[in-house]
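Bear in mind these aren't lab numbers, they're just calculated from the coordinates by the rules spelled out. The model shown is predicted, which means the values in this text are computed figures rather than measured ones. Glycine also receives a Cβ, built like all others from the backbone with ideal geometry; neighbour counts cover every protein chain displayed.
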Amino acid sequence: MARILKHGKSIEEIAQNDAKVSEIVSQILKRIENEGDSALKEFSSQFDKWSPESFKLSQEQIEEIIGTVPAETIEDIKFAQTQVRGFAEEQRKSMQDIEVETLPGVILGHKNIPVNSVGCYIPGGRYPMVASAHMSVLTAKVAGVKRVIACTPPINGEIPAATVAAMHLAGADDIYILGGVQAMGAMAIGTETIKAVDMIVGPGNAFVAEAKRQLYGRVGIDLFAGPTETLVVADETADAEMIATDILGQGEHGPTSPGALITTSEKLAEETLLEIERQLKVLPTADVASVSWEDYGQIILVDSKEEALLEADKLAFEHVEILTEDPNYFLENMTNYGCLFLGPETNVAYGDKVIGTNHTLPTKGAARYTGGLWVGKFLKTCTYQRVTPEASAYIGEYAARLCQLENFAGHAEQALLRVRRYGNK
């Protein structure tokens, strides 16, 4: 039976925080809808201390900014984008258009059609999330999206040069230095100077995630990707240093980033607690990671790998590292996760930055019903049908009777018209 050795905030406390965030986001979005660019300028000045003449970067500005980025950084970005592009292209190849004759004269098919326009959010703030440009902009372009715009906030009043370089190299058509809820609202709602898109994507903090939730329906979204989550599933073969390093390494994202350990070893659980305390004394980002661990950290002790699997699927976390004797057991049986990291040789940072899988992944239990961002998220699988006259008369008789069964007289007449027109030829 599972025992909780450490737990974070209660569901009630988290719900109270979520309600406050929801109200703030709602007010900002209403102002953007009613006031357009003037609201963007006010919020950008208030939240980011950023008041440019135009949020959009010109081609000349982009070239000048990229010129300030060290050559090694440019090469590192290109290396990462090659990995992301390569995996995305293989994923795209797996999605085929189909056409099949299901009955004589009845042709059915589907086409995978790219969304026409997408807005990508690349987080900034304390950390310039350069990698998010690869994950969103580049993946959208591989999918065939015609217009891809991208927003990223200034950092301490400065344009994040490496992020801009990554956005440009990934293929962004327009780049805006604009952050937070106001960026999401601008892309989804549109203003005098920013043409609205059909879909918004990208990770972000609790406010960005809530903005996506409120804007969903007006535009499409990739998924609800809020504060990062990391779960380590470990047995006695794992070591506390690695577990603590990998949990705190993601906890530095923000003070609301959950980290959890599920283990069959009480000794390992106790050692991990001590190791986390030790690392927090020397970790440069401990001011953030310590809060995330204190408020959202969990340790769950279980009796078997089967019970570990059950508890892991209940959590349905974004990132799940498997540090057990048999990682493949979880690959074969686990169903609720954003991305699996199998064995001690890999880790979440690889997925976040460079290895090629996408780092925009489901949080807050969304892994129960969706995977992460990939080329397929930018494609609409749309069906079509084509029927010969003889087949129309044949299908029409079945359709008419089934429509009449449901009392749809008008529906039935659509079918009967074809029966009369094509049935005696």
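Any chance you could give the angle, 0 to 90 degrees and rounded to 10, that helix 266-280 forms with the longest Cα principal axis of the chain? Roughly 70 degrees between the two axes. Computed on the Cα trace of the stretch 232-354, the radius of gyration divided by the Kirkwood hydrodynamic radius gives Rg/Rh = 0.93. Based on every Cα atom in the stretch 1-85, Rg and the maximum pairwise Cα distance Dmax equal 21.5, 63 Å. Among V201, V375, V145, the largest mean-square fluctuation in a Gaussian network model of the chain, built with springs joining Cα atoms closer than 10 Å, belongs to V145. When its C-alpha radius of gyration is set against 2.2 N^0.38 Å (N residues), the stretch 276-425 gives a value of 1.84.
Straight-line cross-link reach from K49 at under 19 Å between alpha-carbon atoms covers these lysines, not counting any fewer than eight positions away in the same chain: K41. Within the listed set I243, I32, I395, the Gaussian network model of the chain (springs between alpha-carbon atoms below 10 Å) gives the highest mean-square fluctuation for I395.
How large is the Kirkwood hydrodynamic radius of the stretch 205-246, in angstrom, based on all distinct alpha carbon pairs? The answer is 13.0 Å.
Counted by Cβ distance under 10 Å from E318, the other residues give a net charge of 0, where Lys and Arg count +1 and Asp and Glu count -1. For q values of 0.11 Å⁻¹, compute log₁₀ I(q)/I(0) with the Debye formula on a Cα-only model of the stretch 168-322, without solvent. Summing over Cα pairs of the stretch 168-322 leads to -0.55. Would you kindly calculate the translational diffusion coefficient of the stretch 379-421, applying Stokes-Einstein with the Kirkwood radius from alpha carbon pairs, for 37 °C and a viscosity of 0.692 mPa s, and quote it in µm² s⁻¹ without decimals? The calculation lands on 296 µm²/s. Using only the alpha-carbon atoms of the stretch 24-177 as identical scatterers, what base-10 log of I(q)/I(0) does the Debye formula give at q = 0.12, 0.19, 0.20 Å⁻¹? Debye intensities relative to I(0), on a log10 scale: -0.62, -1.18, -1.26.
The local environment of T264, defined by Cβ-Cβ distances under 9 Å, has a net charge of -4 under the rule Lys, Arg +1 and Asp, Glu -1. Here the chain is scanned for GluC sites (Glu not before Pro) in DSSP loops (not H, G, I, E, B) that have at most 13 other Cβ atoms within 10 Å, and the longest stretch holding none of them is 54-191. For the stretch 295-395, chymotrypsin sites (Phe, Trp or Tyr not before Pro) are listed when DSSP marks them as loop and at most 12 other Cβ atoms sit within 10 Å of their Cβ; the list is Y369. Against the chain, whose longest principal axis is taken from its Cα atoms, helix 305-315 shows a tilt of about 70°. Under 22 Å of direct C-alpha separation, and excluding same-chain neighbours fewer than eight residues apart, K6 reaches these lysines: K267, K281, K305, K314, K364. Taking the inverse of the mean 1/r over every pair of distinct Cα atoms in the stretch 133-191 gives a Kirkwood hydrodynamic radius of 11.8 Å. With the simple model of a label 7 Å out from the Cα in the direction of the Cβ, N407 to T383 spans 2.6 nm. In terms of its Cα atoms, the stretch 300-374 spans 35, 28, 21 Å along the principal axes, sorted from long to short. Averaging the sequence gap over all C-alpha pairs within less than 8 Å and six or more residues apart, then dividing by the number of residues, gives the stretch 178-297 a relative contact order of 21 percent.
Between A133, A409, A211, the residue with the greatest mean-square fluctuation in the GNM of the chain (Cα pairs under 10 Å linked by springs) is A409.
Once both labels are positioned 7 Å from their Cα atoms along Cα-to-Cβ, the gap between T68 and E35 label points is 2.9 nm. Between the Cα long axis of helix 37-48 and the first principal axis of the chain there is an angle of about 20°, rounded to the nearest 10. Helix-only mean residue ellipticity at 222 nm, the chain, DSSP H runs n ≥ 4 weighted -39,500 (n - 2.57), per residue, nearest 500. What is it? Value at 222 nm, helices only: -14500 deg cm²/dmol.
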